Each structure stands twice: as structure tokens, then as C-alpha cells.
1. Given a 1.4 angstrom probe, what's the average accessible area per residue across the chain, in square angstrom?
2. If contacts are Cα pairs under 8 angstrom and at least 6 residues apart, what is the relative contact order of the chain in percent?
3. Rounded to the nearest 10 Å², what accessible area does Ile231 show when all protein chains are kept and the probe is 1.4 Å?
4. For Asp17 and Met61, what is the calculated FRET efficiency with R₀ set at 25 Å and r taken between the beta-carbons, to the nearest 0.05?
5. Which of the three applies to segment 170-245, rounded, prolate or oblate, going by the alpha-carbon gyration tensor with a ≥ b ≥ c and a/c under 1.5 meaning rounded?
6. For segment 13-110, with the dipole built from +1 on Lys and Arg beta-carbon atoms and -1 on Asp and Glu ones, taken about the Cα centre, which of Ala86, Gly60, Tyr31 lies farthest toward the positive end?
7. Using +1 on the beta carbon of Lys and Arg, -1 on that of Asp and Glu, and nothing else charged, what's the dipole of segment 268-359 about the Cα centre, debye to 20?
8. List, in order, the whole-Hz ³J(HN,Hα) value for each residue of segment 318-325 obtained from phi through the Karplus relation with A = 6.51, B = -1.76, C = 1.60 and θ = phi - 60°; use x for Gly and Pro.
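The values are calculated or read from the model by the stated rules, or taken from the named source; none is laboratory data. Remember, it's a predicted structure, so these values are computed and weren't measured experimentally. As a convention, Cβ positions derive from the backbone with ideal geometry for all residues, glycine included, and neighbour counts pool all protein chains shown. Heavy atoms of the whole protein, side chains included, go into the accessibility calculation; ligands, DNA and RNA do not. Shrake-Rupley method; radii C 1.70, N 1.55, O 1.52, S 1.80 Å.
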Amino acid sequence: MPDARSPCILVVDDLQDNRDLLERRLARAGYRTRSVASAEDALAAVDGCDAVLLDIEMPGMGGLECLRRLRVHSVLDQLPVIMVTARERPEDVVACLHAGASDYVSKPIDFPVLAARLRTWLRLKELRETREHFMRVASHDLRNPLTRILSTVELVREMVAPGEVMTPELHHLLAGVGDAAQRMGRIIEDFVDLQAMQDGALSLDQERLDLDALLEPALERQAAWAREKGISLQVERRCGAWVLGDRDRLDQVLDNLIGNAVKFSRGGTTVRLRCQQAAGRVRVEVQDEGPGLEAQDLGLAFQRYARLSAKPTAGEASSGLGLSIAREIVEMHGGAVGVQNNDPPPGATFWFDLPLEPT
């Protein structure tokens, strides 16, 4: 069944029965739908939709004119538009394609054919969005740490002749090089994981795990970054829980949640990690003392490329994918994720839960 993350398909047809049938079939295929009875209404309703199924023959503005207007603002793989037509003459199909149609299907609709074409175009749209986002990240969030690495290496070469002993100051500069390289590596790994998820190639190597044993090492992996920002890290509560899980992937989830807390926290604050059991499940929480989330951001935190109101306190780079990948991994384990602002403020608590493995 569709959920809030499912693609939204706009169905445009002047016949109510046709709209109802398509909406039912699309919902069973896992899509959200929005339907309108005219081309004029389609132009007003298209914002937020991922693809359009557009009838050609409608009263008033026809489907071809509607398509031409849609193409003023969006190209083929930005907004797929599949024409639905009773016309099968080659010149009619050519007219649709010349006007900017992504594809077409004939009436009566063969739904498996329509679903296959829709999947193809939505996949192309997803790849386009990933490419565009990667280019934005590469032009800024990867370039900045790379510049830091190159400038530091050049500085060390100028200050230390071959065979000389480096000063503590230079060792500190080199530590910064390592930190910048690790952040670049995390961004690249996020895009690799995203590609694996899109291809259905991300798998789990599960074993029985003591979840408590993952907590301290997770904090240690973020310790240098937290010390640099003057942030304390602590395990506040353990719970003696065992789960069936992929150690590396659960480490990745913890890294993303703790790293997110460090990213948005200021010096002099504490990030706390706690674990608790209830009703056959175990819940891990990462609590920070940052600004918290605006009301409109609470539902967006785990979405890909979400643009939230709060900004990293030290201008840290990000792929915009870490929390969404964490959500995917947790859901593959049969778990769930969430976030809420602390009560009382300040800060927010990000959490995930997993089914307990019987002892």
C-alpha cells in the first residue's frame, strides 16, 4: 500500500469512472494518486506530483495543449507525462511525442504495460534527481574539504623539510586532513549506498548481536569530531538487549544518528545515547541539546535531500542522505525510526527500534 514516501501520480480524465479505475489500480501498485477532470485543473494540481497520466480528448483545453504548457516548466525526466489515448494512428502518436510526451498508452488500458512504462520513467526521474544532487554536493560539500586537504599538505611541505621532525601544531593540521578525508568518504559512501538501494542490491548479513556492545564503539568513532567542537558524548543507559541484525549496517545507523547530533550541537553541550526495552522491542535514542526541529521539519527529517531549517553549527558538509539511509536500513531489519523535540527543550531525540531476539 502507498505511504507518504510513495510517488504521487496525477490522473487527468474527464470521465469519473476512468479516474476511479486508474486510482484503484495505481493504489494497489503502491502509488499515491491525485485526480482531476480537466486540463485546466491539471495545471493547478500538478505541483508535488511525480508523474502525470493525461487523457488527450477532453472538453475545453485538450490534452496536447495541457502537455505543451506543462513542458514550459518541466522536461521529460523531470516530470514524466504519459498520454492516454484512444487514437492509434501513427500521426497522433507522433504529435504527442513532438509536444513533449514521455510515453503513451492506448485505450482500453493494459495496466501491466502502463505500470511498466510508469516504473521506467519514475526510475529515470529518480536517477536525474540523484545526479543533480550529487553535482551540487560535489561542487560544494566535497570541494571544501578537498581544498582543506590540499592547502594543508602544501603548508606542511613548506614548513617541514625532508628528515625534519614535525611540531605538535603540524600534527594537529594533519589530523584535520584525516578528518576532512573521512567526511568526504562518508558522503561518497552515502551515494554508493543510495545506488545499491535503488538497484535493490543492498542486503543484510545478519547475526545475533548484543546491542549494548555497539554503543560505546559508536561514540568512539565520533569522539575526535565531538572533542574538536567541545561536545561531550556519553552512554546514559544500556538495556541488555539482543537483536538479529547486520553489525556493519547497524553501526552505520548509529554513526548517522550520532553524527547528526554532533553536527547540529554547539560546544559545551552533551549528546546522550540510551537504550530501553518494551513490548518485545528495543529502542535506541540519541539525544542532543541543539536547536531542535521546527514543526514543519519533524516529518521531513528522514527524507532524502530534505532541506531543514537548522544548519550545522560548524558548516559541516553533508550528502543529505544519511538519515534516509539509516531509515531504510532500520526498516530492512523490521524496525522503525522517528524524532521528537525534547520536553523540556532544548534539543531533539532521534530514535530507532528493532524487534528483540529471544535470549
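1. 51
2. With pairs under 8 Å counted, the relative contact order is 11 percent.
3. 10
4. 0.75
5. Oblate, because a/c is 1.5 or more while a/b does not exceed b/c.
6. Farthest along the dipole direction, towards plus: Tyr31.
7. 80
8. 7, 7, x, 10, x, 5, 5, 5
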